[in-house]
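Reading through the structure tokens given below for one structure.
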């Protein structure tokens, strides 16, 4: 069942069927020179079986959001506010199926039971995301045995099965190979296999194809779509590549400097973007049909230094619709502007 | 793996040969003919060496013949177990050395063991809790280990022990066990006395290894596979110990080979300061008294023992994990 | 923040952002290698402090005679094993350091000399006082010393800042001379090691092949032998009747034989790495001779690494000489070095009664630390384009 996620703003209680709902998440990194507010008030919802694309430039806080959900933010970063409400599997036997991940101890039993088993992560670096001194198979078996009560032999069989399922050739041999004996594409497939080995309800994919060549990219994305169809799991896809978003996502959240500036369905984002940043992003994509020698349209200015956040709306120094007196003084919040569409901008009060 | 062992063994054989040559050089260095001085020494003590005996000695040691012949004769004697006679003690060298060689081994191995037992956890802790109080303390102690030469450390500790606690921390045995035959009680006594000399000997090495482990681990902790391990839901301790530590251990393990000679070397001087019944004080006395056979034999045996120890540790490492990548210089 | 223009042209030089970075980059771009190294080195506060310490040490080497106030060889049994004298800095409210005179007597029960301060006799400490004669830098005869007492030419009246040794010789003055000798031996030793290491390591790294394998094996063999027993043996075998200078020289050679393997490895590593660099290949292609390639093109690239490695090798030299002399196998009296001074402290009973005999350990430790920190700083700075 591919559900559609209905996007709501902060303050609204989540409808009953959400799988994951993030409200006003804040993750800060205290450093000697100042506090980096990597995630500064992020809210979105994710429905079972849906695909939410999170898009934004490097440094906007997408990865930190993902790590916050999983509870693996690097020290000294910590979640300092907000809620991450996750609906656990009924079979997990927890009293209240909805749990606030932000409140759980990152290394505690409950968080670790969720991590890997119900929420899994696939991320960018296929080259070094497997341990160089352990076989690929042993790492997947470890994941399985951590969360399921089965014997090592059964776990190994499951590993081979899942490797086969993600399209790894000769899985019986691959299981005993080291990761450096596999190509980039195979490694990414193995990573996906490992993530899926416990049938999570939510898969977070953080730039899963950025380091791959275009052909492999397509294959991996197709694989993800297929697995989603078969298992009905939700995917949170983080990327800076709008093309990937267009192909995969049903809903999109656009992030800038630690905030969500616009949320909408994928059609709305591409055909009716409201926020100036979203519009600038879309404008900057080179067009196939443009005349030759036409200039590219970059976004003016550069991403501010993390210690030097602009006052008010974080985008205002680069915004073509900047309104002095308002945009540099007050902070906009996410407000609905249509069915399933919300924007954080003073152009839409 | 077999090829690797074969190479190391071959190198070990060459090293032993080089040591034997060097030890022989030490024996030969002092001017004069060994037998002449032996006879003179005997005479000064009132015992007479007959001309015939002197001549036999000359033939036995090949004196008067070219040096390589002398060397070969000496090697042949050693093969028969005859390491010569100590001039000063007037007993066969093997008797004089006695237990001391084994005790040197024990102290050196203890120091090596302690180095590892201390350096690994401290290095790991320092890296995982970088900039914490524990990290700074460990770094500071490490600097002391590196900056203070081990015999000076021994001296200072001896002084403090004497003045503050009225205790004599030198020596490997309590008085009652010093010349006693070996027994379980004596072994236990030895173990009780080992920690301080082992610590002094191993401190510099420990400091070094802490720095290496910390640096290696800091590099590895940043790598993506650590994130992968965490994201699977493993407990943090397992994440650290099973993955980045395991990888950081590789270059670390290949440094053991050169720690043993360094420790054995250091034990000579430290055992002189602390008055340990090992080979060190004996060697010094022999050298000062120009008791060359004793000195040369000690050097030879020390060297051989070290080489064997290094070879054994290399083989053990490769056997434990064939994937250890060793520098092929 | 300036208001950005609509659309196309990025604004120029914001305080943060691309403009500022470019300006810094420009500055780095035109700096020479040595400037870069200096900037990086400067950031290491500890290394800079250590550099000052090292300079201080070598100034002491030059001015050892000036800093000492008593003839280091003047022994006087009446003053054997005197403890350090207490210095009083203010005499009746004004700055005027002085010490009390000592009266020594033999304890009738232990037969040991016991010293008591005599408060009635104050001996003021003078700066730039006259003392025994010496030749500054071996050339200029002088009699001025940093500190001394009135009538300082008379060897009997003097102060004992650090006490005396068993023969009644002033420890402070001996320490000054000992510093000079120990540091010079260290320097000469490391230079010889460097020469050996550079030649063999360079040969090994540059030419490769069987010469490399052979030298490598030799180095490995040397590294697996415990070296101290061997060098003890060599040192002990030096004939007793050699002059102090000859022994000096021989000991230096012996300890330099200890350290060359490490330097050879560093040099070889650098040569191997550089051999493949494009600029070396192009030098050869352009027609430079091998000598020219090595000295004009390759050596400047790793000069900084060599300096760092050499600085790090110095402490080992100093400790080797100190330990050999401490055992009685290295320099022998009347030569004075830190090791010779520490020889008096070999015995815990002696040291328990006269702990000031251990004081020469302090400069050893400081020197080792200073050279280590300095070397670390140099090594980190030596890679200007590294992290």
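Read-outs throughout are calculated quantities, based only on the coordinates presented, and are distinct from any laboratory measurement. Keep in mind it's a predicted model, so treat the numbers as computed, not measured. Reconstructed Cβ throughout: ideal geometry from the backbone, glycine too, with neighbour counts over all protein chains shown.
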message = Can you tell me what percent of all Cα-Cα pairs in chain A are more than 33 Å apart?
response = 29
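Given the peptides B:99-106, A:333-340, arrange them by the average over their residues of other C-beta atoms within 10 Å, most packed first. Show your work: numbers first, answer last.
On the way: B:99-106: 18.6, A:333-340: 15.8.
So the peptides B:99-106, A:333-340, ranked by packing, come out B:99-106, A:333-340.
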message = Along the Cα→Cβ direction, 7 angstrom out, place labels at residue B:312 and residue A:31. What is the inter-label distance in nm?
response = 5.1
inquiry  = Based on alpha-carbon centroids, what's the gap between the stretch A:323-349 and the stretch C:254-329 in Å, whole number please?
reply    = 65
key: Rounded to 10°, Cα long-axis angle of helix C:18-30 versus longest principal axis of chain C   = 70
query = Which percent of Cα pairs goes in each bin when the distances of the stretch B:247-308 are cut into 5 angstrom slices starting at zero?
reply = 4, 17, 21, 21, 15, 8, 6, 5, 2, 1, 0
inquiry  = Given contacts defined as C-alpha pairs under 8 Å and at least six residues apart, what's the relative contact order of chain C, whole-number percent?
reply    = 20
ask   = Any idea what angle helix A:184-196 forms with the longest principal axis of chain A, computed on alpha-carbon atoms, 0 to 90 degrees, nearest 10?
value = 80
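If you wrap a convex hull around the alpha carbons of the stretch A:209-317, what volume per residue comes out, as a whole number of Å³? Write down the numbers at each step before the final one.
On the way: hull volume 16.2 nm³, N = 109.
In the stretch A:209-317, the Cα convex hull volume per residue is 149 Å³.
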ask   = For the stretch B:129-184, what does the equivalent ellipsoid look like in terms of its semi-axes, each the square root of 5 times an eigenvalue of the Cα gyration tensor, given largest first in whole Å?
value = 33, 16, 11
task = Name the residue, out of B:210, B:272, B:315, whose mean-square fluctuation peaks in a Gaussian network model built on chain B with Cα pairs under 10 Å.
result = B:315
task = Using only the Cα atoms of the stretch A:21-176, build the gyration tensor, take square roots of its eigenvalues as a ≥ b ≥ c, and label the shape rounded, prolate or oblate: rounded if a/c is under 1.5, else prolate if a/b is larger than b/c, else oblate.
result = prolate
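Evaluated at 20 °C with a viscosity of 1.002 mPa s, what Stokes-Einstein diffusion coefficient in µm²/s does chain C have when Rh comes from the Kirkwood expression over alpha-carbon pairs? Don't skip to the answer; put the middle values down first.
Numbers: Rh = 24.9 Å.
Value of D from the Cα-based Kirkwood radius: 86 µm²/s.
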request  = Identify the residues of the stretch A:157-179 with backbone N under 18 Å of a label point that sits 7 angstrom from the Cα of residue A:213 along the Cα-to-Cβ direction, or state none.
outcome  = A:169
message = What value in Å³ per residue do you get for the convex hull of the alpha-carbon atoms in the stretch C:224-317?
response = 129
key: P(r) of chain B over all Cα-Cα pairs, binned every 10 Å from zero, in whole percent   = 5, 20, 26, 23, 15, 7, 3, 1, 0
ask   = How far apart, in nm, are the 7 Å Cα→Cβ label points at residue C:103 and residue C:38?
value = 6.1
query = Using a Gaussian network model of chain A with C-alpha springs under 10 Å, which one of A:277, A:28, A:307 is most mobile by mean-square fluctuation?
reply = A:307
task = Rounded, prolate or oblate: pick one for the stretch A:16-84, where a ≥ b ≥ c are the square roots of the eigenvalues of its C-alpha gyration tensor, a/c under 1.5 means rounded, and failing that, prolate if a/b is larger than b/c, else oblate.
result = prolate
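Output the peptides A:132-141, A:216-225 sorted from most to least packed, where packing is the average of other Cβ atoms within 10 Å over each peptide's residues. Can you show the working numbers first?
On the way: A:132-141: 20.8, A:216-225: 17.9.
Ranking the peptides A:132-141, A:216-225 by packing returns A:132-141, A:216-225.
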remark   = Mean other chain Cβ within 10 Å across B:259-272 is 4
note = Mean projected area (nm²) from the convex hull of Cα positions in the stretch C:150-265 is 10.5
ask   = Where does chain C land at 222 nm, in deg cm²/dmol rounded to the nearest 500, when only DSSP H runs of n ≥ 4 count, each adding -39500 (n - 2.57), divided by all residues?
value = -18000 deg cm²/dmol
request  = With no solvent and one equal point scatterer per Cα, compute the Debye intensity ratio I(q)/I(0) for the protein assembly as shown at 0.10 Å⁻¹ and report its log10, rounded to two decimals.
outcome  = -1.26
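Ignore the peptide's own chain and count Cβ atoms of other chains within 10 Å of each Cβ in B:217-223; give me the average, rounded.
Numbers: counts 0, 0, 0, 2, 1, 1, 5.
Taking the mean over all residues of the peptide, I get 1.
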remark   = Here the FRET efficiency for residue B:54 versus residue A:74, based on Cβ atoms and R0 = 56 Å and rounded to 0.05, is 0.10
ask   = Can you give the average number of partner chain beta-carbon atoms within 10 Å of each beta-carbon in peptide C:344-351, as a whole number?
value = 4
key: Rounded to 10°, Cα long-axis angle of helix A:136-147 versus longest principal axis of chain A   = 80
message = Residues of the stretch C:52-80 with the amide nitrogen closer than 19 Å to a label point 7 Å from the Cα of residue C:137, along Cα-to-Cβ, please.
response = C:55-68
task = Select from B:138, B:215, B:184 the residue whose mean-square fluctuation is largest in a Gaussian network model of chain B (Cα-Cα springs shorter than 10 Å).
result = B:184
query = For the stretch C:260-368, what is the convex hull volume of its Cα atoms per residue in Å³?
reply = 120
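Once every DSSP H run of n ≥ 4 in chain B is given -39500 (n - 2.57) and the sum is divided by its residues, what mean residue ellipticity at 222 nm do you get, rounded to the nearest 500 deg cm²/dmol? Could the numbers behind the result be given before it?
On the way: 16 runs with 244 residues, N = 329.
-24500 deg cm²/dmol, from helical runs alone.
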